[in-house]
Every structure is written in C-alpha cells, then in structure tokens.
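Here's the structure, in structure tokens; my notes come after.
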Amino acid sequence: VELLLGDGTGRIKARHYMSGRQSGDLESLQAGTYVNVFGTVRTAPEVHFAVAGMSIVQSADEVSYHMIEAAYAAVKLQKGRTEAITPSPKKVPGAVENEFSPPKTEMPAAVAATSELQAESKTSLS
C-alpha cells in the first residue's frame, strides 16, 4: 500500500507492505483517516517512509499529543544545544581562578619554635 502522510509539518510518501492478517485490520482505511505509523526513512529508490507498523487512531487525544510532540521536537532542533547539560559555575569578573588549593609551604622557623614550646609545655603539665 502506498500512502501520502501529512502531519502539519510536511508530507511524505509512505510504503507499507502488509500480510494477509494485517490487511483485515486496516480495511476501514480511507483518505483523511488519522493513523499512527512507525518505521524508517529510506532514500532508495526515492525518499519515502518505510512503514513497519500502522494502526488507526482511536481518540482525538492521540492527534493533539502528536501535534504537541512535533512542535517540541521542531523547537529543539531549531535551537540546538547551546549550553552544557550540567552548567559550570558562573565566573565572577576579576576573581582569581585557581582550580586547586595553593601548594603547602614549610612553616617559618619562628612559628615552628613556638609550636614545639607549646607541645613541650603540654607534655610537662600532664
């Protein structure tokens, strides 16, 4: 079966190869009938949609859902991804940008002597 599908975003020719069992399910298919289809886009012999499965729409909610989904996909494709999935922290202008803590330096001699005296006085008190 060759169909012309349109969803408000464009039209494409579709080809659906049905078995005997499937043809009974789609007997009520006629022009203007809403259907759900899934498959793949093919380029040979011409650009068309190769339908792997098809069912007739049972509720108007399915049509509304598709329109919303198509609009969302179109916006995402037009905008593209402009920022990282996990944004990095904002940089403050003029701030120092160190990724790591500064290297440890040796303690000045005066501070080291004071620390030793404090340690000795604590041990002599106990």
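The values are calculated or read from the model by the stated rules, or taken from the named source; none is laboratory data. Every value quoted in this text rests on a predicted model; they were computed, and no experiment measured them. FYI the Cβ positions are ideal-geometry reconstructions off the backbone, even for glycines, and counts take in every protein chain you see.
Quick check on my filter: what residues within the range 57-88 are among the hydroxyl-bearing types (Ser, Thr, Tyr) and either modelled with pLDDT of 85 or more or closer than 26 Å to residue 5 by Cα (or both)?
Across the range 57-88, the qualifying residues are 59, 64, 65, 72.
Taking the range 28-65 as the search range and keeping residues that are β-branched (Val, Ile, Thr) and part of a loop (DSSP other than H, G, I, E, B), which one is nearest to residue 12 (Cα to Cα)? Explain how you work it out, then say what you get.
Let us first name the residues in the range 28-65 that are β-branched (Val, Ile, Thr), namely 33, 35, 37, 40-41, 43, 47, 51, 56-57, 63.
Next, from what is left, pick out any that are part of a loop (DSSP other than H, G, I, E, B): 33, 43, 47, 57.
On the way: 33: 16, 43: 12, 47: 8, 57: 19 Å.
The qualifying residue nearest to residue 12 (Cα to Cα) is 47.
Sort out which residues of the range 9-40 are hydrophobic (A, V, I, L, M, F, W, C), surrounded by 13 or more Cβ atoms within 10 Å (Cβ to Cβ), under 11 Å from residue 55 (Cα atoms) and at pLDDT 80 or above, and write them in order of number.
Going through the range 9-40, the residues hydrophobic (A, V, I, L, M, F, W, C) turn out to be 12, 14, 18, 26, 29, 31, 35, 37-38.
Next cut, surrounded by 13 or more Cβ atoms within 10 Å (Cβ to Cβ) only: 12, 14, 18, 26, 29, 35, 37.
With the extra rule that they be under 11 Å from residue 55 (Cα atoms), the set shrinks to 26, 29, 35, 37.
Of everything in the range 9-40, those that are hydrophobic (A, V, I, L, M, F, W, C), surrounded by 13 or more Cβ atoms within 10 Å (Cβ to Cβ), under 11 Å from residue 55 (Cα atoms) and at pLDDT 80 or above turn out to be 35, 37.
Determine which member of the set 53, 39 is touching a strand residue (DSSP E or B) at 6+ places or on another chain (Cβ under 9 Å), in contact (Cβ under 8 Å) with a residue 12 or more places away in the chain and over 12 Å from residue 5 (Cβ atoms).
None of the others qualify; the one that does is 53.
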